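*Asks:* Structure provided below as structure tokens; questions to follow.
The values are calculated or read from the model by the stated rules, or taken from the named source; none is laboratory data. Values in this document were obtained by computation on a predicted structure and should not be read as measured data. Note that we place each Cβ from the backbone using ideal geometry, even for glycine, and neighbour counts take in every protein chain shown. Each accessible area value is taken on the protein alone, full model and side chains, heavy atoms only, with ligands, DNA and RNA left out. Shrake-Rupley method; radii C 1.70, N 1.55, O 1.52, S 1.80 Å.
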Amino acid sequence: MEEAGVTVHFPFFHIDSSLQLIPMRHLIIALLAAGSAATAAVTDMRGYSDAAARTEREWESKFRAIPEPQRMRSAMQRLAARPHHVGSPYDKDNAEWIAAQFRSYGWDAQIERFDVLFPTPKERVLELVAPTTFRARLEEPTISQDPTSDQHAEQLPTYNAYSGEGDVTAPLVYVNYGLPSDYEELERRGVSVKGAIVIARYGMSWRGIKPKVAAEHGAVGTIIYSDPRDDGYQQGEVFPQGAWRNPNGVQRGSVMDMPVHPGDPLTPGIGATPDAKRLAIKDADVIMKIPVLPISYGDAQPLLAALKGPVAPESWRGGLPISYRMGPGPARVHLKMTFNWDTKPLYDVIAKLRGSTYPDEWVVRGNHHDAWVNGAEDPISGLVPELEEARALAELVKQGWRPKRTIVYAAWDGEEPALLGSTEWVEAHGDELAKYAVAYLNTDSNGRGFFGAGGSHTLEKFVNEVIKDVDDPETKLTVWKRAQLATIRYGAADDRKDARTRGDLRIEALGSGSDFTPFLQHAGVATLNLGFGGEDGGGIYHSIYDDFYWFTHFSDTSFVYGRALAQTVGSMVMRLADAELLPFAFTNLAETAKRYLTELERLRDTPAEQIAERARQLDEGVFSATSDPREPTLAPKRETAPPYLNFAELRNAADALQQAADDYEKSVQRASENGGAALARASVSAVNAKLVQAERAMTAAGGLPGRSWYRHLLYAPGLYTGYGVKTMPAAREAMEQGKWDDANAELARLAAVLQAEAAVIRSARGALDAAAR
């Protein structure tokens with residue numbers, strides 16, 4: 001689901017922060033040390049005694065030899081053969097086929113059903129009514145070379161799910177990417193969107209932010225288009241000659257207000273089972289209030305060309321052969337959207353391998369199976385490696401291996417509209433997850449290139465360790481080494497320095513955009529989001545052209561990176577499932593928390609300096625003197641300087657976390673001496689029971705202000721970034737919004753959470769020391 005357009009440290013990703021240009025879900029940043037995977041030392045395996053590590057490496061080596069690219073290719077061809085959106089016949093058929101595959105491997109597999117609100121369009125009209133007339137096509141045509149592009153009767157129309165309904169005719173205003181900062185620029189130029197229909201281009205934020213901000217400024221409708229500068233012909237040859245978006249390609253997607261909560265809009269916080277109490281549709285607070293429609297750049301060009309008004313700033317200009325202007329006028333547009341507000345079934349496939357020693361400790365791994373249309377890249381390129389992992393693990397069971405912990409593999413339904421299947425499952429199984437869940441590992445499509453990981457920083461060392469044991473299929477370097485060198489080439493100065501000098505490559509914090517969200521930010525389960533990408537951009541995201549033909553011509557055509565993903569994620573699953581001591585580490589978490597604290601301090605200090613300078617310029621008459629009389633701009637408003645904030649309590653808590661993390665690391669080192677004999681003792685299970693609660697300790701029952709569903713106080717999607725992460729979110733967003741009293745309160749609440757985390761770590765250290773005596 002993740003969108004494209006976001007730059008992580010190096011330019012390959014699509015986590016979609018809708019970032020919506022190219023699917024990027026894959027990268028996030030990554031990790032290498034010199035040497036090949038085959039030469040890693042036994043003592044490098046965290047949480048294992050020497051004897052257990054030798055056994056584990058033997059099994060992992062056998063595991064990594066099993067996944068087959070040809071099997072993944074065949075599975076993709078089958079799963080992406082027809083459109084399989086929520087509620088479609090092929091969506092159910094795929095779920096049943098996936099469950100049957102798991103059972104054929106030897107897993108215990110079931111399908112869990114939920115019933116959710118999933119609107120589909122009844123009527124879509126977009127037309128230019130002045131100064132000339134034009135009616136948008138609103139369709140993606142068949143391409144003769146692409147055999148599945150002609151399945152129009154089964155394809156969802158081009159639309160944005162959870163748009164509001166409406167029939168409006170109004171002046172058109174171009175708002176660039178539709179970010180809050182873009183509206184500040186419009187205000188400076190005297191342009192208002194009140195009572196207007198806005199047109200925004202995809203990118204730089206999640207798509208749902210665009211109509212949300214437009215509505216807050218008084219707009220009555222939103223049109224979102226894909227500009228060729230971002231994922232069309234300015235990037236390369238367009239499909240079918242190349243990978244990029246052609247003039248008719250449209251990005252479907254949800255505009256539900258998921259920064260408030262994902263999942264079924266009518267059952268927030270509870271699983272959408274048949275007997276669940278549901279809200280009335282009018283009472284659902286996450287359905288967009290104004291009509292929203294996505295269009296192609298072929299349909300957008302006549303609308304934009306009809307605009308007059310101020311010439312858009314250079315950074316607002318896209319790749320169309322027109323003069324980009326802001327409006328309003330003389331262009332007027334008629335937009336009409338009506339929907340079928342139907343309840344549709346979801347089919348989550350849940351498969352289990354029961355643990356031999358700790359069956360009530362779960363390692364959970366998932367990828368979604370639904371798509372907006374055929375979805376070969378999104379999501380099937382991530383799902384077929386998961387199936388190969390499951391097959392390979394089952395093959396090991398036949399050879400005598402058995403995981404110590406229970407392994408749960410999931411193929412989620414309904415991810416595309418609103419993370420529906422994963423969210424409803426987490427909400428329905430919340431009590432079990434609180435007791436049993438060790439970690440959740442997510443993928444959401446996969447490409448060719450560099451490895452990336454995002455997630456819980458308690459697992460950062462673990463990720464670095466595992467990817468040193470897997471080889472990159474193109475370069476034969478380790479996955480870690482190639483990721484390190486990619487960071488050195490593409491990263492910013494600080495990232496390059498860290499990649500060369502820091503022991504571990506950094507993983508990114510997670511916002512939202514895929515099925516990791518309910519596990520990490522609602523249930524407080526340590527989480528990773530994993531994938532390869534960066535070398536195979538494209539412009540077919542959420543269009544009918546994301547299909548088997550496109551993928552096998554322009555992406556991981558030989559499926560070798562699908563195999564690498566299966567090898568990498570499957571190795572992580574095995575290592576978590578078999579560890580004597582769970583491989584959580586807290587020094588990287590403590591360091592990262594201190595970095596976030598420093599960012600908060602700068603967030604207060606930098607605006608104060610800017611406000612003071614702006615006030616001086618207003619006093620000097622700078623803005624009136626430099627405004628062009630022919631294209632006048634308004635002076636910015638005078639702002640009050642922010643007060644000083646009390647960071648002392650949070651600094652003390654960060655220091656306490658660092659000390660607890662350092663002390664725990666010393667205890668792990670002592671327990672690993674003498675071949676790690678202490679780690680093999682049964683009493684270590686008491687340590688593990690405490691470690692699984694470490695991520696939960698960073699959540700708060702009351703959640704974030706105004707959005708209590710999000711409980712994690714260290715990571716969350718931003719209210720106005722959508723998929724993009726806000727770290728230390730409650731305090732950060734209060735500061736960004738100038739709510740200084742709230743900011744001080746949230747700093748104190750955050751300090752309490754870090755102290756709670758430190759207490760859990762100290763407790764785990766005490767239990768480990770006792771086990772090692």
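*Asks:* If the only charges are +1 at each Lys and Arg Cβ and -1 at each Asp and Glu Cβ, what is the size of the charge dipole of the chain around the Cα centre, to the nearest 20 debye?
*Replies:* That gives the chain a dipole magnitude of about 640 debye.
*Asks:* Enter the accessible area of His542 (Å², nearest 10), with the probe set to 1.4 Å and all protein chains included.
*Replies:* About 10 Å², ignoring ligands and nucleic acids.
*Asks:* Which entries in the list Lys476/Lys726; Lys212/Lys690; Lys210/Lys282 go over 30 Å, if you measure between the two C-alpha atoms of each?
*Replies:* Lys476/Lys726; Lys212/Lys690
*Asks:* For segment 645-773, what is the accessible area per residue in Å² when the probe is 1.4 Å?
*Replies:* Dividing the accessible area of segment 645-773 by its residue count gives 38 Å².
*Asks:* Taking the highest mean first, how do the peptides 158-168, 683-693 order by number of other beta carbon atoms within 10 angstrom per residue?
*Replies:* 158-168, 683-693
*Asks:* Give me the 1.4 Å probe accessible area per residue for segment 116-237, excluding ligands and nucleic acids, in Å².
*Replies:* Result: 37 Å² per residue.
*Asks:* Ok, one more. For the peptides 419-428, 334-343, what is the packing order when you average, over each peptide's residues, the other Cβ atoms within 10 Å and list the highest mean first?
*Replies:* Put in order of decreasing packing, that is 419-428, 334-343.
*Asks:* Among the GluC sites (Glu not before Pro) within segment 530-599, which fall in a DSSP loop and have no more than 15 other Cβ atoms within 10 Å of their own Cβ?
*Replies:* Glu535
*Asks:* Less than 14 Å apart at the alpha-carbon level, and either on another chain or at least 8 residues along: which aspartates and glutamates does that give for Lys277?
*Replies:* Hits, sequence-local ones excluded: Asp115, Asp264, Glu424, Glu427.
*Asks:* Can you give the accessible area of Arg325 in Å² (nearest 10), computed on protein heavy atoms with a 1.4 Å probe?
*Replies:* 70
*Asks:* Distance between the C-alpha centers of segment 626-696 and segment 299-363? Whole Å please.
*Replies:* Between the Cα centre of segment 626-696 and that of segment 299-363, the gap is 33 Å.
*Asks:* For the chain, give the percent of accessible area contributed by carbon and sulfur heavy atoms, probe 1.4 Å, rounded to a whole number.
*Replies:* It is 49 percent, rounded to a whole number.
*Asks:* While we're looking at this one, here's another question. Along the charge dipole of the chain, pointing to its positive end and built from +1/-1 on Cβ of Lys, Arg, Asp and Glu, which listed residue (Leu634, Thr587, Val408) has its Cα farthest out?
*Replies:* The Cα lying farthest towards the positive end belongs to Thr587.
*Asks:* Relative to the longest principal Cα axis of the chain, at what angle does helix 560-578 sit, 0 to 90 degrees, rounded to 10?
*Replies:* 50
*Asks:* Kindly provide the helix-only [θ] at 222 nm of the chain, computed as the sum of -39,500 (n - 2.57) over DSSP H runs of four or more divided by all residues, to the nearest 500 deg cm²/dmol?
*Replies:* It comes out at -11500 deg cm²/dmol, rounded to the nearest 500.
*Asks:* Let me ask something else about it. Going by average Cβ density within 10 Å per residue, which order do the peptides 407-414, 210-217, 308-315 take, highest to lowest?
*Replies:* Output ranking for 407-414, 210-217, 308-315: 407-414, 210-217, 308-315.
*Asks:* Now, a different point. Can you give the relative contact order of segment 595-735 as a percent, counting alpha carbon pairs under 8 Å and 6+ residues apart?
*Replies:* Dividing the mean separation by the residue count of segment 595-735 yields 17 percent.
*Asks:* Given a 1.4 Å probe and the protein chains all in place, what does the accessible area of Asp769 round to, in Å² to the nearest 10?
*Replies:* For Asp769, the solvent-accessible surface is approximately 40 Å².
*Asks:* A further question follows. So what are segment 279-407's ellipsoid semi-axes, whole angstrom, largest first, if each one is the square root of 5 times an eigenvalue of the alpha-carbon gyration tensor?
*Replies:* 51, 21, 14
*Asks:* Per the Kirkwood formula on distinct C-alpha pairs, the Rh of segment 480-609 is how many angstrom?
*Replies:* Hydrodynamic radius (Kirkwood, Cα pairs) of segment 480-609 is 18.4 Å.
*Asks:* Given Cα positions, please report Rg to Rh for segment 676-726, the hydrodynamic radius being the Kirkwood one.
*Replies:* Using Cα coordinates only, the ratio equals 1.26.
*Asks:* Quote the relative contact order of segment 534-671 in percent (integer), defining contacts as alpha-carbon pairs under 8 Å separated by 6+ residues.
*Replies:* For segment 534-671, the relative contact order is 28 percent.
*Asks:* Another one. Protein chains only, probe 1.4 Å: how do Leu618, Leu128 rank by accessible area, largest first?
*Replies:* Leu618, Leu128
*Asks:* What ranking of Leu603, Leu156 comes out by heavy-atom accessible area, probe 1.4 Å, highest first?
*Replies:* Of Leu603, Leu156, the descending order of accessible area is Leu603, Leu156.
*Asks:* So what are segment 124-281's ellipsoid semi-axes, whole angstrom, largest first, if each one is the square root of 5 times an eigenvalue of the alpha-carbon gyration tensor?
*Replies:* Largest first, segment 124-281 gives 27, 25, 16 Å.
*Asks:* Let me have the relative contact order for the chain, percent, based on Cα pairs under 8 Å that are six or more residues apart.
*Replies:* 20
*Asks:* If you don't mind, another one. Farthest toward the dipole's positive end in the chain, which of Gly319, Ala390, Pro291, given Cβ charges of +1 (Lys, Arg) and -1 (Asp, Glu) about the Cα centre?
*Replies:* Ala390
*Asks:* State the answer as a single residue: which of Leu117, Gly539, Pro171 lies farthest towards the positive end of the charge dipole of the chain, with beta carbon charges of +1 for Lys and Arg and -1 for Asp and Glu, about the Cα centre.
*Replies:* Positive-end residue among those listed: Gly539.
*Asks:* With +1 on the Cβ of every Lys and Arg and -1 on the Cβ of every Asp and Glu, and nothing else charged, how large is the dipole of segment 698-755 about its Cα centre, in debye rounded to the nearest 20?
*Replies:* In total the dipole reaches around 180 debye.
*Asks:* Roughly how many Å is it from the Cα centre of segment 480-498 to that of segment 381-416, as a whole number?
*Replies:* When both Cα centres are located, 31 Å separates them.
*Asks:* Leaving ligands and nucleic acids out of the surface, order His261, His429 by accessible area at 1.4 Å, largest first.
*Replies:* His429, His261
*Asks:* With a probe of 1.4 Å, find how much accessible area segment 332-386 has per residue, and write the answer as a whole number in Å².
*Replies:* 23
*Asks:* Let me spell out the model: positive unit charges on the Cβ of Lys and Arg, negative unit charges on the Cβ of Asp and Glu, origin at the Cα centre of segment 253-399. What dipole size does that give, in debye rounded to 20?
*Replies:* 700
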